[in-house]
Amino acid sequence: MAEAHPVGFQWVMEAKKRGAKVFHVDPRFTRTSALADTYLPIRAGTDIALLGGVVRYILENELDFREYVLAYTNAANIVSEQFVDTEDLDGLFSGYNPDTGSYDHASWQYEGQEDNAKIRGTGKERDSASGLEHESHGEPVPAQAPRDETLQHPRCVYQILKRHFSRYTPEMVARVCGIPEEKFLELARAWTENSGRERTGALVYSVGWTQHSVGVQYIRTGSIIQTLLGNMGRPGGGILALRGHASIQGSTDIPTLFNLLPGYLPMPHHADHPTFDEWVDSIRHPGQKGFWGNSRAFAASLLKAYWGDAATPENDFCYGYMPRMTGDHGTYQQVLNMIDGRVKGYFLLGQNPAVGSAHGRAQRLGMANLDWLVVRDLFMIESATFWKNSPEVATGEIVPEECRTEVFFLPAASHVEKEGTFTQTQRLLQWREKAVDPPGDARSELWFFYHLGRVLREKLAASTERRDRALLDLAWDYPTHGPHAEPSAEAVLKEINGYEVATGRPLNAFGEARDDGSTAIGCWIYSGVYADGVNQAARRRSRHEQDWVAAEWGWAWPANRRTLYNRASADPDGRPWSERKKYVWWDADAGEWTGYDVPDFEKTKPPSYRPPEGASGPAALAGDDPFVMQGDGKAWLYAPSGVLDGPLPTHYEPAESPMRNPLYGQQANPTRKIYEHPINRMNPSPPEPHSQVFPYVFTVSRLTEHHTAGGMSRTVSRLAELQPEMFVEVSPELAGEVGLAHLGWAHLISGRAVIEARVLVTDRLTPLRVDGRIIHQVWLPYHFGTEGLVTGDSANDLFGITLDPNVLIQESKVGTCDIRPGRRPTGPPLLDLVGDYQRRAAMTADRKVPMVTTDAAGGDDAAGSTDEQSPAAHQDGEPHA
Amino acid sequence: MGFKTFIQGWPVYRQLTGTDPLGRGAAAQSARSAELAPRTETADGMARSVCPYCAVGCGQRVFHSDGKVTQIEGDPDSPISRGRLCPKGSASKSLVTSPLRQTKVRYRRPYATEWEDLDLDVALDMIADRILAARAETWEDVDDEGRPLNRTLGISSLGGATLDNEENYLIKKLFTAMGALQIENQARI
């Protein structure tokens, strides 16, 4: 955090000054470690084992915040007797289908609800990354599940959790993670001692957790701890995701993502959502508790914002125009399709996948096989010049005279040359004023896409093709200004906020959304950003003139709430858990919720409210159900649905690991998304032979002085000067073992690539004693490429493509490699070197990566791709276990 | 020049007699530095902005004169950043004024070995033509069972995490209307 989010880290230091204990877990000692009370070095890819150890410590010692857990979580819910845990199936849960590599969720349900499971193990949910759809809401669950408030029932969630993590002992943590027992216990003690009525603890993570083949479950484990300890919805608590780009939260909320529409509405699927009603019901789950009950109004209002006058209740608001998903259309599938010649054109908008995405060679070869490419950026980046200046040009794999891709480079406006909002990492929208005009041909994306749409519509004006109706009927009438006809960003923000169609009056909150076509809302969760006709994101009341919540600086979604689920900061009766930690509470005299923040609860619903029989939607939430977007109003320690790789987190080894899984016969996540494409050869891991060809673990992260793929930092003289060269950090022990000299050269080899770097020998990296052997880890920054003021080889070239099944994010925080002294070969001998390693590791083109490595599944089939196109995906097999 | 003026021109005298015994402020000031004013004071205007790098969202004050950015500083009013910026945020002025910024459209023909120039309007028009051709060539109306697909898998896009919400909104809206499904950004990565 001190390295990549330094200004955010000042608040950690403030907390430390006031007595907080700071723990830092990282494979490498960083500036954060230097300022923490305790640093725990960890083997990359083993965080679930560490966190699972903390869960066990809490449960074995009964240190959970029991009142909170009983009232606000599903700890007491009783699970189906058909459920079988990984502890009994050697690393698999019940319901695994080896043919599709996915789970049927029926046996994971609560008792008596087995028939309600929506997910039947076809792999379809994985391909559409449905885990991400449900980022802001729970999967359907019945509100009335059987419970045992004494938590003694052997099949209640609390007891299942206890058994599931019973082997995650301090000894096991040491054996898996390489963290000494006493350091682990120091962490577990401090975390539990700083939680409860009087105290809270916060958890901060970043892409060091998300970029794994089991990344969602890392965060699940953190959620379980924070829920058991009562740290959610309370001041000083929470799970804080530090995101790495100025508006990456905004580009998730208003998604430029294939499977989502604004406000986490799902992109329709051809088989599941043929009609508007089926699409809406898949979101609102009729009869269910919670605020998604209103989603018909959100969906109708979005389509109304898209298609304006053409969208009517009679034509289902032009739902028929929506494109439909059939499977995995994610960025990595796209790149493999480019290599196979199936994609014609590609837009890159302030993004540099030639350096920033996993498997750089696949990225560049994909771009070299397009009809056309449009790059919009501030600087000339590697993704625009791959055809003349890439590693593949050096090896002869791309020959400029033979590369057919037509490339348009369009200069972009910078953040000071346009106005608009960024959504930062805590959901806060901040409006930026424009300072100066963009230079020359540089334009905003707003300009480019508005005018692109205008030109497309002009060209199609006479078209009678059915497919062109969606473009011609589009509401695309934005006011423009200035010599370049720049569209008004405020007009777009007003549409995002939503308005009353008849009058144009901006809506004040999403509660005003209607499903009859009388409201249009571009992104329902942002409703209120233009409340009272005022740009609330532009508010800049000084921190000196308001309290510590600073509610009048910018605007946070939803409804300007700064802490989500803050009803949980009060006890079930609505009183603060303690004076010290009071935040939002029930004012009985006034008959409303009040506090420092906007209550994340219906303002006048008393704590004593109990829903009438048969209630659904928000009305079904009791006065003590704080988790209002969940299908049952509760925080989930156990997820009966919605997480595709298990109702509980389980330690799996990374897809590439030098070690056999010490906990289970199942080596790696059995549901991870793999691509068996000739270009995507994964290094072997145990129990496969030849893993010793790639004996070392490598991980990558950011330098303080550089940003992501370097497009905004290797091009800036001061930053380039501060960090001028690609390097690799190795421990003194590894340097001795391999023969690496400090400040000399080394090259690293994986089954995909070989890259070179200057050697930094440092005890920031330490050899870890893990399961009776020594594991060496090396660290690399991933910012470098062939363009800019400072250049170097790209660390991401080393990675293959394996994805988390829930969100299709790639495992690019851990892989295996070899490291050798000296510079890498150049030209064709470079390919020979990679080919030599592939041969030694038996990475043939037809090799199948074994997905199941335990007999417990009842079969030893290797599950391949689960694209709907593949025959296997059509076999909705019975559970094998 | 009187004696008093003369002796006060001597830094050591000011250091010994004035309010700056360590000689690090007023005592060390020369006639020239006394006349200097920060360029933030003489700027034509100041825009309230936000740092473009990570997602912490530090407040920035962007000072400009004659249509050029002259200084970018942390915004002390911000409850998020309290006026601070990290090395990258502090280099924002260098970012937006970098001589490496591309300001002209560049075009690479198929099989070419060099860039050439192209008018922006022509580029926009050519891109629109290519989109329509790719759609026509790869359009999918319905699936095998006659259910609607309304899409093209011939067009891809990547990017958005560094852009404004308003921009992402228009991008998603336009691509969705043209049937382009394969829209992704850094949030997937």
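Each value in this text was obtained by applying a stated rule to the coordinates, not by laboratory testing. Note that the coordinates shown come from a computational prediction; the quantities given were computed from them, not determined experimentally. Using ideal geometry, Cβ is built from the backbone for each residue, glycine included, and neighbour counts are taken over all protein chains shown.
Around the amide H of residue A:406, modelled in the peptide plane, lie the amide H atoms of A:372, A:373, all under 5 Å away and 5 or more residues distant in sequence or on another chain.
Here the Karplus curve 6.51 cos²θ - 1.76 cosθ + 1.60, taken at θ = phi - 60°, turns the phi angles of segment B:69-80 into couplings of 6, 10, 6, 10, 10, x, 8, x, 6, 5, x, 7 Hz, with x standing for Gly and Pro. Residue B:27: net charge of surrounding residues, Cβ under 15 Å, Lys/Arg +1, Asp/Glu -1, itself excluded? Summing Lys/Arg as +1 and Asp/Glu as -1 gives +1.
What the phi angles of segment A:215-224 give under the Karplus curve with 6.51, -1.76 and 1.60, with θ = phi - 60°, is a coupling list of x, 4, 6, 4, 6, 4, 5, x, 5, 4 Hz, glycine and proline written as x. Averaging the sequence gap over all C-alpha pairs within less than 8 Å and six or more residues apart, then dividing by the number of residues, gives segment A:106-241 a relative contact order of 15 percent.
Please give the net charge around residue A:821, taking every other residue with its beta carbon less than 14 angstrom from that of residue A:821, where Lys and Arg add +1 and Asp and Glu add -1. Taking every other residue near residue A:821 into account, the sum is +1.
At the listed q of 0.07 Å⁻¹, the Debye profile of the protein assembly as shown, built from one uniform point per Cα, gives log10 I(q)/I(0) equal to -0.61.
For residue A:16, the aspartates and glutamates whose Cα falls under 20 Å of its own Cα, not counting residues fewer than eight places away in the same chain, are A:3, A:26, A:37, A:186, A:193, A:198.
Find, among the GluC sites (Glu not before Pro) in segment A:387-482, those assigned to loop by DSSP (not H, G, I, E, B) with at most 13 other beta-carbon atoms within 10 angstrom. Intermediate values should be presented prior to the final figure.
Working: sites: A:392, A:397, A:401, A:402, A:406, A:417, A:419, A:433, A:445, A:458, A:465; in loops: A:397, A:417, A:419, A:433, A:465.
Sites meeting the loop and neighbour criteria: A:465.
For segment A:521-582, GluC sites (Glu not before Pro) meeting the loop criterion (DSSP other than H, G, I, E, B) and having at most 13 other Cβ atoms within 10 Å: A:579. Restriction of the chymotrypsin sites (Phe, Trp or Tyr not before Pro) in segment A:516-551 to DSSP coil positions whose beta-carbon has at most 12 other beta-carbons within 10 angstrom yields A:548. Computed from backbone phi, the HN-Hα couplings of segment B:177-185 come to 5, 8, x, 7, 8, 7, 10, 9, 8 Hz, rounded to whole numbers (Karplus: 6.51 cos²θ - 1.76 cosθ + 1.60, θ = phi - 60°; Gly and Pro given as x).
If a/c stays under 1.5 just call it rounded; otherwise compare a/b with b/c (prolate if a/b is bigger, oblate if not). Do that for segment A:211-370, with a ≥ b ≥ c from the square roots of the Cα gyration tensor eigenvalues.
Working: a/c = 2.06, a/b = 1.05, b/c = 1.95.
Oblate.
Around the Cα centre of chain A, unit charges on the Cβ atoms of Lys, Arg, Asp and Glu (plus for the first two, minus for the last two) sum to a dipole of about 1980 debye.
Return the calculated 222 nm mean residue ellipticity for the protein assembly as shown, to the nearest 500 deg cm²/dmol, obtained by summing -39500 (n - 2.57) across DSSP H runs with n ≥ 4 and dividing by the residue count.
On the way: 32 runs with 263 residues, N = 1070.
For the protein assembly as shown, the value works out to -6500 deg cm²/dmol.
A cut-off of 5 Å between modelled amide H atoms, ignoring neighbours fewer than 5 places along the same chain, links residue A:701 with A:780, A:782.
Checking the Cα-Cα distances for A:124/A:183; A:118/A:673; A:418/A:673; A:344/A:459 against a 30 Å cut-off, the pairs over it are A:124/A:183; A:418/A:673. Residues whose amide H falls under 5 Å from that of residue A:347, counting only those 5 or more places apart or on a different chain, are A:374, B:156, B:157, B:158, with hydrogens built in the peptide plane. With loop membership from DSSP and a limit of 13 other Cβ atoms within 10 Å, the longest segment of chain B without GluC sites (Glu not before Pro) is B:42-113. Straight-line cross-link reach from residue B:173 at under 16 Å between alpha-carbon atoms covers these aspartates and glutamates, not counting any fewer than eight positions away in the same chain: A:253, A:309, A:445, A:468, A:473, A:477, A:495, B:164, B:184. Angle of helix B:120-138 to the longest C-alpha principal axis of chain B, folded into 0 to 90 degrees and rounded to 10: 30°.
Let a ≥ b ≥ c be the square roots of the eigenvalues of the Cα gyration tensor of segment B:45-96; is it rounded (a/c under 1.5), or, if not, prolate (a/b larger than b/c) or oblate? Because a/c hits 1.5 or more and a/b fails to exceed b/c, segment B:45-96 counts as oblate.
Can you work out the base-10 log of I(q)/I(0) for segment B:1-114 at q = 0.23 1/Å, using the Debye formula on its C-alpha atoms alone? Calculated log10 I(q)/I(0) at the listed q: -1.16.
Out of all DSSP beta bridges with both ends in chain A, state the antiparallel percent to the nearest 5. Counting DSSP beta bridges with both partners in chain A, the antiparallel share is about 60 percent.
Overall, segment B:45-96 carries a charge dipole of about 100 debye about its Cα centre when +1 sits on the Cβ of Lys and Arg and -1 on the Cβ of Asp and Glu, all other atoms neutral.
Quick check: net charge around residue A:502, other residues with Cβ under 15 Å of its Cβ, Lys/Arg +1 and Asp/Glu -1?
Working: positive: A:304, A:505, A:514; negative: A:309, A:500, A:512, A:516.
Counting the neighbours of residue A:502, the net charge comes to -1.
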